[in-house]
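Just so it is clear, none of the values below were taken in a lab; they were calculated from the coordinates. The model shown is predicted, which means the values in this text are computed figures rather than measured ones. Heads up, the Cβs are rebuilt from the backbone with ideal geometry, glycines too, and the neighbour counts pull from every protein chain shown.
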Amino acid sequence: MLQEKIKQFTAEIKSFVPASAADVENFKLKFLVTKGVVKALFEEFKTVSVEEKRTLGKVLNEFKQLAESTYNSAQAQFAQVGKKLEREEGDLTLPGEGFQLGSRHPLSLVRKEIVEIFKKLGFIVAEGPEIEDDWHNFSALNFPPEHPARDMQDTFFVEKKTGNDIALRTHTSSVQVRMMEMGKPPFRAIMPGRVYRNEAISARAHCFFHQIEGLYVDENVSFADLKQTLFHFVQELYGEGTKVRFRPSYFPFTEPSAEMDISCTICKGDGCQLCKQSGWVEILGCGMVDPNVLENCGIDSKKYTGFAFGMGIERVTNLKYEIRDLRLFSENDVRFLSQFETELV
Ligand code: DAH
């Protein structure tokens, strides 16, 4: 009996691998304290026969030594780790400091909100590269060769290549082209991303900003679909009752083209500084995809029609949060950033 127990505990001690100082302490509590295993076995030893005493005495003493030496070396190991940590990390017994949670960037919040609205309408999210070639950024989108937007004034060129310059994209409309080239209609997608323009930085202009492009191409897509989609979007984003109006405009890649205004979110149409007393603020450009663009992307413009729109996320965010200086978005001043809701998910 006693012999059996010694054998079992010996095996246990030999396989003991402490992972923490707490394990070492538990080892001590189990084996070495007054009510521990070692003491108990010595008590039991008193009750066995004289012959057994002769054989087991030595075994028991060896067992005791094993328990003690295992404990001592484990303790030494963790004492050293503790000291090393103390040196490197300061006093580990002090209560933790707790860290401050960040908040989402306002542009991310608004982008997410816009994306969610269109997702519910069945739009998928697509992305394209920020470094683009002339074809995707301009030519395929029906920009005439001498169009002022290709000018050095507006575009950051990366590499001049005859016939197909490489540049930082000036708008997310380039993603439309990539999408249409790659697949077959129907297309229903929104394409958020960063764009670049060679502009002096001020409260009202920046050399980079963010846009969301929308594209819907299928059979029988009409301007009425465009209006209804954007009207729904505005009701969702700015609240029921927000008015919209479409003004004729021009973009090379849409025909007809329009700009969409919404009733001023600040004065609700009465006239204020933000809307320059007009009661309306412009939020996006849109139109029916020009047949030339469809053909450039290998889509039969006799069979398919589509609408597209593009909006600046900064502009939408400014209206929502009444932010008046674009530079705030990229300065990373926590006094600005911490004013936006914190999302834990
Ligand atoms: N790409 C235009 C810009 O950067 C915005 C735009 C206007 C996009 C009309 C469109 C559109 O898709 O139909 O100013």
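Some notes on this structure:
- Expressed as a fraction of 2.2 N^0.38 Å, the C-alpha radius of gyration for segment 200-254 is 1.49.
- 19 Å Cα-Cα reach of residue 120 towards aspartates and glutamates, excluding residues that sit fewer than 8 places from it in its own chain: 213, 218, 225, 236, 240
- Crossing angle, helix 106-120 versus the chain [Cα axis fit, 0-90 degrees, rounded to tens]: 80 degrees
- Student exercise, the chain dipole from Lys, Arg, Asp, Glu Cβ charges, in Debye to nearest 20: 1320 debye
- Relative frequency of Cα-Cα separations exceeding 15 Å in segment 2-83, percent: 57 percent
- Loop-exposed GluC sites (Glu not before Pro) per DSSP, neighbour cap 13 Cβ within 10 angstrom, longest uninterrupted part of the chain: 1-96
- Cys residues of the chain counted as unpaired, since no other Cys beta-carbon is under 4.7 Å: 207, 286, 297
- Comparing 234, 81, 115 in a Gaussian network model of the chain, where Cα atoms under 10 Å apart are tied by springs, the biggest mean-square fluctuation is seen for 81.
- Packing-based exposure ordering (other Cβ within 10 Å, fewest first) of 288, 311: 288, 311
- Cα-based convex hull, segment 216-315, per residue volume (Å³, whole number): 101 Å³
- Comparing mean-square fluctuations of 23, 290, 133 from a GNM of the chain with C-alpha springs under 10 Å, the top value falls on 23.
- Rounded if a/c under 1.5, otherwise prolate or oblate - the chain, Cα gyration tensor axes: prolate
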